[in-house]
Amino acid sequence: MEESLRTYKVVTYGCQMNVHDSERLSGLLEEAGYAKADQDGDPDLVVFNTCAVRENADNKLYGNLGRLAPAKQSHRGMQIAVGGCLAQKDRDTIVRKAPWVDVVFGTHNIGHLPALLERARVEQQAQVEILESLETFPSTLPTRRESAYAAWVAISVGCNNTCTFCIVPALRGKEEDRRPGDILAEVEALVAEGVVEVTLLGQNVNSYGSDLGDREAFSKLLRACGQIEGLERVRFTSPHPRDFTDDVIAAMAGTPNVMHQLHMPLQSGSDTVLKAMRRSYRQERFLGIIEKVRAAMPDAAISTDIIVGFPGETDEDFEQTLHVVREARFANAFTFQYSKRPGTPAADMDGQIPKAVVQERYERLVALQEEISWEENKKQVGRRLEILVAEGEGKKDNQTDRLSGRAPDNRLVHFERPAEPVRPGDVVTVEISYAAPHHLLAEGPVLAVRRTRAGDAWEKRQAVPAAKPAGVMLGLPTIGAPKAAPAPAGSGCGCD
């Protein structure tokens with residue numbers, strides 16, 4: 001007798017790498033016979049893909065698990081699974097604190113989730129499986145991509161850095177690089193499906209090649225992406241200043257479909273703090289990279305990550321961070337108050353900064369960056385830009401009757417809805433009329449609309465509802481290589 005169709009929901013916290021893993025988890029579940037739950041429906045399975053980088057990560061998880069406990073009691077057969085970095089770190093603690101969780105799995109064995117769920121159902125007890133090393137590279141697993149026009153493509157997993165504030169290398173392991181041919185084959189397959197933008201993804205994306213013995217492998221990969229017909233935009237995240245070499249700058253400047261957009265984590269502008277963080281560059285080196293990038297690509301939009309209140313940070317150290325922000329003139333910055341993470345060297349350092357001091361510095365940094373972001377965005381007023389129309393980027397689009405998308409440099413642009421139909425994945429040309437700190441407006445008429453294969457792919461996806469399998473077909477995974485499935489892969493956790 002067939003069981004009724006089971007539905008699932010994946011809740012993702014953290015970086016783009018987790019977003020990539022969640023697309024794999026969705027693909028695995030759908031291959032196993034699940035269907036994605038409606039927004040308002042009660043799913044039969046909830047999967048939390050967790051992050052361990054920030055201090056409130058476990059509070060957020062356990063809070064959500066607590067809210068699900070009554071739902072599980074009243075929903076017969078409901079299952080809950082917890083994966084990702086926090087699961088890799090906390091292991092049995094999750095089941096002890098939330099005994100109603102059915103499965104705990106780590107960052108190295110996401111492919112085992114369907115089998116673990118079935119085992120938990122049959123044995124009526126929680127399954128905890130944490131592997132210490134990667135078993136299958138994530139991009140060999142099935143995927144359910146959220147976008148028809150843009151895709152993540154993982155080029156490596158893991159990280160060889162030893163930053164004192166970061167727990168990611170301990171949870172995701174040493175860097176492992178994919179072979180260039182496998183990466184390019186995936187990109188070509190994605191383009192054949194209609195994708196026009198890919199983001200190359202790694203915890204430290206520009207150290208790609210260290211595992212292959214080729215220091216210029218990343219710049220070669222960028223240039224090779226430039227040869228793929230139909231691929232309009234190439235991005236990458238996140239690079240590390242230590243590994244950011246002149247050949248990468250040359251490849252960015254010389255490859256037309258590599259966007260002039262760079263996310264370069266600073267973390268601190270103080271040489272003293274950078275040394276304590278075990279970051280292998282100093283202020284002069286960082287600003288030197290920014291200067292070279294701007295010399296090669298004057299229109300480049302550069303963003304960053306900054307941590308405020310690292311142990312031992314003095315007022316002078318913080319002033320050095322403000323100095324770098326003024327000099328670098330970032331288009332935007334992801335700013336964080338230092339979070340003490342158990343298991344990291346920084347957690348046991350002397351000189352932990354009082355919360356009130358961290359808060360005051362944080363507010364000053366945010367105010368300065370807001371001012372700079374606004375000034376930099378104002379420089380875009382009057383420019384004509386090609387915008388890749390996006391889905392879900394503009395939260396107020398329905399009220400304002402506007403559409404939204406991304407400029408080549410990744411700035412968010414809201415524009416007036418044209419008379420002719422425009423689909424996510426299509427490209428419009430607009431003239432920027434107004435700038436705010438975090439977005440641009442094109443208030444005049446759209447100057448041109450270019451319908452694309454990506455828009456066709458989006459339209460096709462809307463017209464054909466996802467196939468509804470007849471029943472649940474879980475159980476042990478098949479032996480041998482997975483079915484070939486083109487698939488994609490964020491900032492590696494802001495810790496690069």
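The values are calculated or read from the model by the stated rules, or taken from the named source; none is laboratory data. Note that the structure is predicted; figures quoted are calculated from it, not measured. With ideal geometry, Cβ positions are generated from the backbone for all residues, glycine too; neighbour counts draw on all protein chains shown. We work out accessible area using only protein heavy atoms, side chains counted, and drop any ligands, DNA or RNA first. Shrake-Rupley method; radii C 1.70, N 1.55, O 1.52, S 1.80 Å.
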Cβ crowding within 10 Å averaged over residues, with 71-82, 448-459 ranked highest first: 448-459, 71-82
Report, to the nearest whole %, how much of the accessible area of segment 1-116 belongs to carbon and sulfur atoms, 1.4 Å probe, protein only. 46 percent
Per residue of the chain, what 222 nm ellipticity follows from adding -39500 (n - 2.57) for every DSSP H run with n ≥ 4, rounded to the nearest 500? -10500 deg cm²/dmol
First measure r as the distance between the Cβ atoms of Trp374 and Ala69, then evaluate 1/(1 + (r/R0)^6) with R0 = 45 Å and state the FRET efficiency to the nearest 0.05. 0.50
Express in nm, to one decimal, how much length is gained between Glu319 and His438 on full extension, taking 0.36 nm for each residue of separation and deducting their alpha carbon distance. 40.4 nm
Cβ-Cβ FRET estimate between Thr400 and Val357, R0 fixed at 51 Å, reported to 0.05: 0.80
Pairwise label distance in nanometres, Asp40 with Glu420, each label 7 Å out on the Cα-Cβ vector: 3.6 nm
Express in nm, to one decimal, how much length is gained between Tyr62 and Arg285 on full extension, taking 0.36 nm for each residue of separation and deducting their alpha carbon distance. 76.2 nm
Given the C-alpha centroids of segment 432-451 and segment 254-298, what is the distance between them in whole angstrom? 29 Å
Quick one: accessible area per residue over segment 200-352, 1.4 Å probe, rounded to a whole number of Å²? 38 Å²
Stretch Gln124-Val381 to full length: gain in nm at 0.36 nm per residue minus the Cα-Cα span? 86.4 nm
Run the quick spin-label model on Asn160 and Ala192: label points 7 Å from Cα toward the beta carbon, then report their separation in nm to one decimal. 3.3 nm
Local electrostatic count, Arg450, Cβ distance below 13 Å [Lys/Arg +1, Asp/Glu -1]: -2
How far is it, in nm, from the label point at Lys174 to the one at Ala463 when both lie 7 Å from their Cα along the line to the Cβ? 5.1 nm
Tell me the net charge near Asn398. Cut-off is 13 Å between Cβ atoms, Asn398 excluded, with +1 for each Lys or Arg and -1 for each Asp or Glu. 0
On average, how much accessible surface per residue is there in segment 1-126, in Å², for a 1.4 Å probe, leaving out ligands, DNA and RNA? 44 Å²
